[in-house]
1. Looking at Ile163, is it out of contact with any helix residue (DSSP H, G or I) (no Cβ under 9 Å at 6 or more places or on another chain) and free of Cβ contacts under 8 Å to residues at least 24 places away in the same chain?
2. So, Leu165, is that one touching a Cys at 6+ places or on another chain (Cβ under 6 Å), under 30 Å from Leu22 (Cα atoms) and outside any loop (DSSP other than H, G, I, E, B) or not?
3. Give me the helices (runs of 4 or more DSSP H) completely within region 50-160, filtered to those with at least 3 residues that are modelled with pLDDT of 90 or more and buried (at least 17 other Cβ atoms within 10 Å of the Cβ), ordered by residue number.
4. Just the residues that are in a helix (DSSP H, G or I) and open to solvent by less than 60 Å² (accessible area, probe 1.4 Å), please, taken from region 168-199.
5. Taking the condition β-branched (Val, Ile, Thr) and in contact with a helix residue (DSSP H, G or I) (Cβ under 6 Å, 6 or more places away or on another chain), does Val177 pass?
Amino acid sequence: VMYCIEDIFPFGDDTLIMYDLLHAGVPSMYRVHDAWHSGNLSELFYNFTATGGGAWDVVLSLLQPRNLFVLFWKREYIAQAIDVFLVLEFACISLTSSYAFSKLFPKLKGQWLVLVSLMYTFCGFNLMFYTNIDWLDVVLCYPLLILFALNMLGGKSKIPFFIVLTYLLNIYTYTSVFVVMSLVIFGGLYIFIIEEKENRKKAIYNLGVGTGASLL
């Protein structure tokens with residue numbers, strides 16, 4: 001509805017591409033697109049001269065959902081592809097958050113679960129900083145990471161936590177530093193405030209091993 005009102009693609013010629021997306025995000029996607037379609041294998045490695053030194057290793061960036069998405073669009077339509085991708089991104093954020101919240105707060109009734117998930121998805125932070133699209137990918141994974149971290153602290157498998165955090169650290173190293181900081185800070189607060197005293201050593205061990213293994 002908002003795309004239609006504001007004449008944003010596919011309803012008009014306007015676009016959401018601005019700020020970080022305009023100056024760093026889309027140029028890096030051009031490089032991924034060119035490297036993939038050129039057939040030149042040397043372009044599949046980090047290049048400090050591309051996008052002002054801000055280019056990612058293309059081999060890893062091919063694992064990023066948005067880059068996989070734009071590969072199926074013509075180069076001249078990459079900006080429009082991102083307009084479409086942002087809709088899908090917010091939809092996926094609402095799905096992961098609703099799933100995680102349904103497990104974290106099992107007493108939440110359906111309508112409240114929908115409301116809380118939409119509040120998380122369309123909070124001011126996400127709408128203000130969507131132009132740094134890496135943040136949205138972290139926002140998408142974060143509810144799952146919290147759910148899997150709590151399961152891990154409760155003695156369940158470390159593998160789901162390890163997979164999500166390792167994925168973030170490999171694909172979004174810079175933004176994932178803040179994720180690790182939050183795990184240490186809020187995980188520590190949880191362990192020392194909420195966790196039973198006799199379970200604290202085991203919880204610290206689980207959090208340390210899960211996070212440390214992902215960092216390695």
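The values are calculated or read from the model by the stated rules, or taken from the named source; none is laboratory data. Every value quoted in this text rests on a predicted model; they were computed, and no experiment measured them. Because the Cβ atoms are built from the backbone with ideal geometry, glycine has one as well, and the counts that use them run over all protein chains shown. Remember, those area values only see protein heavy atoms, side chains included, never the ligands or the DNA or RNA. Shrake-Rupley method; radii C 1.70, N 1.55, O 1.52, S 1.80 Å.
1. Numbers: out of contact with any helix residue (DSSP H, G or I) (no Cβ under 9 Å at 6 or more places or on another chain): no; free of Cβ contacts under 8 Å to residues at least 24 places away in the same chain: yes.
Judged against the criteria, Ile163 is not a match.
2. Details: touching a Cys at 6+ places or on another chain (Cβ under 6 Å): no; under 30 Å from Leu22 (Cα atoms): yes; outside any loop (DSSP other than H, G, I, E, B): yes.
Spelling it out, it is not the case that Leu165 is touching a Cys at 6+ places or on another chain (Cβ under 6 Å), under 30 Å from Leu22 (Cα atoms) and outside any loop (DSSP other than H, G, I, E, B).
3. On the way: elements: 58-61, 65-70, 78-104, 110-121, 124-128, 133-153.
Ranges flagged: 78-104, 110-121, 133-153.
4. Pass one, region 168-199, residues in a helix (DSSP H, G or I): 168-171, 173-193, 197-199.
Once the filter is applied, which keeps residues that are in a helix (DSSP H, G or I) and open to solvent by less than 60 Å² (accessible area, probe 1.4 Å), region 168-199 yields Leu168, Leu169, Ile171, Thr175, Ser176, Val179, Val180, Ser182, Leu183, Gly187, Gly188, Ile191.
5. Working: β-branched (Val, Ile, Thr): yes; in contact with a helix residue (DSSP H, G or I) (Cβ under 6 Å, 6 or more places away or on another chain): no.
For Val177, the condition - β-branched (Val, Ile, Thr) and in contact with a helix residue (DSSP H, G or I) (Cβ under 6 Å, 6 or more places away or on another chain) - is not met.
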